[in-house]
Each structure stands twice: as C-alpha cells, then as structure tokens.
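In what follows, a structure is listed as structure tokens, so that the remarks can point back to it.
The values are calculated or read from the model by the stated rules, or taken from the named source; none is laboratory data. Keep in mind the model is a prediction, meaning the values are calculated, not measured. For neighbour counting, all protein chains shown are included, and Cβ atoms are generated from backbone atoms with ideal geometry for every residue, glycine included.
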Amino acid sequence: MHDMSQYPYLSKVNNPPDIRSMDISELKGLCADIRQFMVDVISETGGHFGGGLGTVELTVALHKVFNTPEDLLVWDTGHQAYPHKILTGRKEALHTIRQLNGLSGFLKRSESEYDTFGAGHATTSISAALGMSIAHRHLKNTRQVVAIIGDGAMTGGMAYEAMNNSGVLKADIKIVLNDNNMSIAPNVWQISNYFTEMISHPEYNKFKGYVWDLTGKLDHFGDRLRGIAARLENGIKSVVTPGMLFEALGFRYFGPVNGHNIQKLVKIFEHVKPLTGPIIIHVTTQKGKGYKPAEEDIQRLHASTPFDKVTGKAIKKGSSAPSYTTIFGNALVEIIRENKDVVGITAAMPDGTGLNILQEKIPQNYYDVGIAEEHAVTFAAGLATQGITPVVAIYSTFLQRGFDQIIHDVALQKLHAVFVLDRAGLVGADGPTHHGTFDLTYLRLIPGMVIMSPKDEAELRNMLFTATEYKIGPVALRYPRGNALGVELKEGFEKLEIGKAEVLKEGKDVTLLAVGSMVDYSIIAGDLLEKKGIDARIVNMRFVKPMDEELLHKLARSGAKIVTLEENTVVGGFGSGVLEFLAFHNYKNDVLMIGLPDKFVDHGTQSELHTQIKIDPQGICERVSAFLSSGKINSAV
C-alpha cells in the first residue's frame, strides 16, 4: 500500500464526481499525481504500463466532462485504462492488479459499474459502443456512449465494420481515436502513417493556418474541412484532411487534438458532448508520457514485470532457461536460412511471438499484418497457394479470431500453412481473455489438421521443422507461455513421424497420456505416485491429431486404466479424442480426464492457477490416486 498523502490531488479523488468541480490547475495536478502513482505502484507489481501513461489527461478529461457511470465509456482492451481504474474507486487496490484475487489487468464488468464492457482483445470497442447506443435509442433515453480506441486497434477490420454501420444507423456515438502511432509493436497502420505525414507536413500546416484565419471558427473545434483543395508549392496537387475517411463513413471529425493538453481536451469534449450522430475526436498522445524510461523504450514497457522506477529496467531474477518464444524464434531463423521459401507472419506481436528475431536477421521473410488475425490466416493461405510455406505465429487466444479462415480458407483447400500458437494453456496474470484454453478443441474438429505439442524445447525445434516439411495440409504447433525446461539443444533438426507417441516410462498400474506442458508434470507426478506404491506408465503423446492409434489399441486391449492430461479445456480436447477413440472401438477402459475445467479461469500466476485447479504434479497425484481407488469410469474434472 502507498501513502496517499504524497499525492495531494489524487488523495481527494475516490470517484469521477470528485473531479467535476476541479479547475484546470487542479486537473493538471491530478494528472501529475496519477502518473506518479502509476510509476510507483506498477514498478513494484508489474503490469501494462506505457499505454496508461499516455492516456492520463484523456481519462481525466472524459470523466470530467461526461457524467459517468450514467454516460458509458467503452475502452478498447484494457492497456490504456489503468488511469480509469485509479479514478473509479480502485486506486487503493491497484497494487493487486493481475494478481490472484486482485484487480484484473483489463476491463471487467463484474469489477466496477464504470467498466461497461470487458475486453482483452483489440478492436471491440466501437461495435460494443454502437450496440449500447442503439439500445438506448430503443429505450428512449439520452445516455452518452463514448468508445476509446487506440490507433493500433484500427488495423482490425471490425473497427471499420462497426464505423460503417454507425454511419448507416446515424447512431449517437462518439469515438475517441487515441493516436500514439504505436500499438504494442511499431504500427503497421497505413492510415496512421498518413496522419503523421499530413500533420507534420509544413505545407499542410501553412494551409491549415490560412483556413483557420479565414474562418475564425476552428481554433477550438479542430479540423472540420470538407471538400477543400489547395495548390501546394512542392507540387502536391491537393490536400485532404485526416478526417476525410471518417467523414466518408458518416462521422463528423474533430482533431487532431493534443492529448496531453487537459484544457484543450476538456474544451473539445464539452463542445462535442451535446452533438448528435456519429462523432470522432482524433487525439494524439505519447505512449509512456511523463516517464522517461517508458518514453524511450515504448515496446518493452508496454507491459512489464516489476522494474526499477529510476532506470525502468526489469528487476533481475536468477538465471533461467530461455523462453519457448525465443527457442521458436531462433529455430525459425535456422529453418529459413536453409529454406528461403518459408516466411514468418505476425499480427502486430513480433516480440511477443519471437518473430522479432526473424525481423532483425532475415527481414525479407518477415511480415507484420497489424492487429488483424483473420487477415493473417487468409494472407497465409494466399502465400501457400503459390508454394510459399507461411508460419503464422499468433497467441492461442488470438487465433480464435481466425477460426473461420482456418476452416474455409486453409483446411478446406488443403493448404500447407503452419500455425504456431504461443501462450497455449494458462498464461497467468492476463487472465481469461488471454488464457489459451480452447485451441486443442477448436483445431481438433477441423478435417486434415495436424496438431502437435512439445514436451520441451528440443522437441519444439523438431516439431517446427516437421511442420514446415509437412506438405499435405495445415499444421498447428502449440506451447505454453514462459521459460522452457533447460534441456540440451542439438545442432540441426530431426523430422518426427506424424502421429507417433513416445513412451517415456513403462508401468503396470495406470497409464498417463500427457500432452505438451503436462508431460513434465506427469513425470514428477509419477515419482510421487511411486512413493504411494503406484507404478505409472508415462507417455508423451506429442500429437493430438492424428493420435497414435496403434498405441491406443494396445493399451485398450490390455485393459489399462488411462488418465489423459492436457492444459486445455476437458470439453472437446485431447481427452475427449481418446474417449471418442475408445467408444468408437467399443473399448470399456476406465478413463480419467485431467485438464482445465469447463469454466473461465481467473488471473493469477501460472503456478497458483495450476495448484488451484489441481493440474500441478501434487494435484495430479491426488486425483490419480482417488481415481484408482474409486474405479470411476470416464471421469472428468
């Protein structure tokens, strides 16, 4: 807990109504307090950081002008909403953010009446806000609805689908475009580049100043030019405003406005508040504003573990094995050096997926499509039709967005595309919006899909190589967030036999069929079971689809008691596949499915969550012992 007396303005604010009587001078002091409070708390706890520092003045101005929670603020994801949490009754709990039983790192409807829509994925805010606006039209009330969306999220097509629909419906909706020219990675939004060029071009500013003087009206209202063209000295034929696209979609455009000038923000919001119809306010901000280390290293301090608040550098822990992400990134570079027809694709997450290594070392084989996972998949399909092998590296939970494209554009056409799913299983602090708990289920149902999951980093390398060499159809490779096991890595790669499991230990009392991260846990659990006099066979299944049917027949005919283990929902995943096989062949073996429960798992460290739902080695040992004692058939927890 922090002594709030060191934040003189923030200490007086518990909820938004407390700021509505503040003057501009007090609001500036409040902004400074919020920024310092964020640095003080997040440096100790870790969390999303840079985005919130950039939206301090914007958040204060919104809550100052709009009558929240009666008026609805709809934030896109939650990275930029830490100041919002601080101002809406949660400052005293900020030190618990992203921790077990603490505040969520994202917006959460059950956490606060001020959190109007929960989201951890980008590009949802405008669609949700439009739904709210039309609901209030239907209910015949006049509540204001404001969506706040970052420029990075504007690379996603859903934002434009929602804007187009807003224009058609002539909805009373206001959108704040928080333009910091940086989402998580450097932005690949072409419109952002256009904004930047237009706003900074000297001829544009000269022309804009001329029109300002001519009209005498626009100082406070921003750029509202329509259909105006002017000759420019450098040979450009005409000039259009950054608002042209939005006005074509039916929006009235205001901006760009300096997003760190609280006085201008309050004025622009007061001006647009009574206006009806679709409105967009273009606000320019700086990610990491007011904290030098975050301003200088925007990408690293987008989200951070605890760090030294003076230097901004992460507090070092003991030496550890490299992450699975890094192992993948290096392996892909090695593969591409031998096969130039392999390329890597990311959806605005080069560092998060390990493709930053490819970007640096072989940039001509690297593509960033922006926050547009659906496009990434079909883009890969197009590449595959021409003999290129695309490796699409996307977090498990984000690939859910491309589900239709995987089926329709890739699998149906039997195209060879490789999907590398990082953050499979429970990811920890980011919670249920980011847990990769469904990929084995949603991929397993797709005809022709090969699904594999490595037990360690050496197997990850070999699986990636196998996936790029497999030419028959789509392949998915999934692995968890965090550090690998530290096993020795050999030079080169070994091509694995598709659908072949690996028996790690023989045993007579029970058979543990484990996938991916659960293999190491099963080995440890096997040792615990041995101390109880239980002799467990341990199998690294490697492939969820196709499964090693020869092994399954052998086990089933022997009458083996079978336990399936996966870090995926027990509904429709690996365990379900084993049960389907046994049922199809009319086997009657006793089976226990161990996996993630059929519910959304909240946030906490991976270790805490594994223990909580009993998929850690001790939990596995207890559940297997109980299973053998009870003799239950087809059990699942």
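Listed here are the residues, each with its yes/no results for (1) at pLDDT 95 or above; (2) farther than 13 Å from Phe328 by Cα; (3) crowded, with 18+ Cβ neighbours inside 10 Å.
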{"residue": "Val450", "(1), (2), (3)": "yes, yes, yes"}
{"residue": "Pro454", "(1), (2), (3)": "yes, no, yes"}
{"residue": "Glu457", "(1), (2), (3)": "yes, no, yes"}
{"residue": "Met463", "(1), (2), (3)": "yes, no, yes"}
{"residue": "Glu488", "(1), (2), (3)": "no, yes, no"}
{"residue": "Val515", "(1), (2), (3)": "yes, yes, yes"}
{"residue": "Gly526", "(1), (2), (3)": "yes, yes, yes"}
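Sort out which residues of the stretch 112-138 are in a loop (DSSP other than H, G, I, E, B) and of a type outside the set (Asp, Glu), and write them in order of number.
Our first condition is that a residue be in a loop (DSSP other than H, G, I, E, B); within the stretch 112-138, this holds for 112-118, 120-124.
Listed by number, the residues that qualify are Ser112, Tyr114, Thr116, Phe117, Gly118, Gly120, His121, Ala122, Thr123, Thr124.
If you take just the helices (runs of 4 or more DSSP H) that sit entirely in the stretch 1-111, which of them hold at least 1 residues that are in contact with a helix residue (DSSP H, G or I) (Cβ under 8 Å, 6 or more places away or on another chain) and β-branched (Val, Ile, Thr)?
Numbers: elements: 24-45, 50-54, 56-65, 82-85.
Per the criteria, 24-45, 56-65.
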List pairs: first residue in the stretch 2-15 and of a type in the set (Lys, Arg), second residue in a helix (DSSP H, G or I) anywhere in the structure, Cβ distance under 8 angstrom, at least six positions apart or on different chains. Lys12/Asp18
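Can you name every residue in the stretch 267-290 that is outside any loop (DSSP other than H, G, I, E, B), of a type in the set (A, V, I, L, M) and over 31 Å from the mean Cα position of the chain (by Cα)? Talk me through it step by step, then tell me what you get.
First pass over the stretch 267-290, keeping only residues outside any loop (DSSP other than H, G, I, E, B): 267-272, 279-284.
Keeping just the survivors that are of a type in the set (A, V, I, L, M) gives 268, 272, 279-281, 283.
Matches in the stretch 267-290: Ile268, Val272.
Would you check which residues across the stretch 3-31 are closer than 14 Å to Ile86 by Cα and not polar (S, T, N, Q) and list them?
So the first thing to find is which residues in the stretch 3-31 are closer than 14 Å to Ile86 by Cα, and the list is 4, 7, 9-19, 30-31.
Correct list: Met4, Tyr7, Tyr9, Leu10, Lys12, Val13, Pro16, Pro17, Asp18, Ile19, Leu30, Cys31.
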Out of (1) over 24 Å from the mean Cα position of the chain (by Cα); (2) touching a residue at least 40 places away in the same chain (Cβ under 8 Å); (3) assigned by TED's automatic domain parsing to the domain that holds Gln405, what's the single condition that is false for Gly425? (1)
Please work out which one of (1) within 20 Å of Ser453 (Cβ to Cβ); (2) touching a His at 6+ places or on another chain (Cβ under 7 Å) is the condition Gly402 fails and give its number. (2)
Cross-chain or 6+ apart pairs with Cβ under 7 Å, the stretch 624-637 first and more than 14 Å from Leu565 (Cα to Cα) and at pLDDT 80 or above, then of a type in the set (Lys, Arg) and assigned to a loop (DSSP other than H, G, I, E, B): Ser625/Lys532; Leu628/Lys561
Please enumerate the residues belonging to the stretch 532-582 that are of a type in the set (Asp, Glu) and in contact with a helix residue (DSSP H, G or I) (Cβ under 6 Å, 6 or more places away or on another chain). Glu566, Glu567
The residue from Ser110, Ser133 that alone is out of contact with any His (no Cβ under 9 Å at 6 or more places or on another chain) and surrounded by 20 or more Cβ atoms within 10 Å (Cβ to Cβ) is Ser133
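A quick yes/no check of all residues on (1) in contact with a strand residue (DSSP E or B) (Cβ under 8 Å, 6 or more places away or on another chain); (2) modelled with pLDDT of 95 or more:
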| residue | (1), (2) |
| --- | --- |
| Ala347 | yes, no |
| Leu355 | yes, yes |
| Ile362 | no, yes |
| Glu374 | no, no |
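Just checking, how many residues over the stretch 262-290 are out of contact with any Pro (no Cβ under 8 Å at 6 or more places or on another chain) and either of a type in the set (Ser, Thr, Tyr) or not assigned by TED's automatic domain parsing to the domain that holds Asn180 (or both)?
First, the residues of the stretch 262-290 that are out of contact with any Pro (no Cβ under 8 Å at 6 or more places or on another chain): 262-281, 285-290.
Going one step further and asking which of them are either of a type in the set (Ser, Thr, Tyr) or not assigned by TED's automatic domain parsing to the domain that holds Asn180 (or both), we end up with 276, 285.
Final tally of qualifying residues: 2.
Right, Met198: modelled with pLDDT under 55 and either within 30 Å of Glu360 (Cα to Cα) or not assigned by TED's automatic domain parsing to the domain that holds His63 (or both) or not? Please lay out each step first, then the result.
Details: modelled with pLDDT under 55: yes; either within 30 Å of Glu360 (Cα to Cα) or not assigned by TED's automatic domain parsing to the domain that holds His63 (or both): yes.
Considered against the rule, which asks whether it is modelled with pLDDT under 55 and either within 30 Å of Glu360 (Cα to Cα) or not assigned by TED's automatic domain parsing to the domain that holds His63 (or both), Met198 comes out as yes.
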Taking the stretch 41-56, which residues are in contact with a His (Cβ under 6 Å, 6 or more places away or on another chain) and more than 14 Å from Ala81 (Cβ to Cβ)? Val41, Thr45
How many residues, within the stretch 46-67, are of a type in the set (Ser, Thr, Tyr) and either in the same structural domain as His434 (by TED's automatic domain parsing) or in contact with a Ser or Thr (Cβ under 8 Å, 6 or more places away or on another chain) (or both)? 1
Run down Leu62, Leu58, Leu72 and say which single residue is within 24 Å of the chain's Cα centre (by Cα) and buried (at least 24 other Cβ atoms within 10 Å of the Cβ). Leu58
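Taking helices (runs of 4 or more DSSP H) that do not extend beyond the stretch 349-434, which have at least 1 residues that are farther than 30 Å from Leu100 by Cα? Spell out how you get there, then give the answer.
Details: elements: 350-353, 356-361, 373-385, 396-399.
Helices (runs of 4 or more DSSP H) meeting the threshold: 356-361, 373-385.
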With criteria (1) part of a loop (DSSP other than H, G, I, E, B); (2) closer than 26 Å to Met593 by Cβ; (3) not aliphatic (A, V, I, L, M), Tyr442 comes up short on (1)
Being of a type in the set (S, T, N, Q) and touching a His at 6+ places or on another chain (Cβ under 7 Å) is the requirement here; does Thr433 meet it? yes
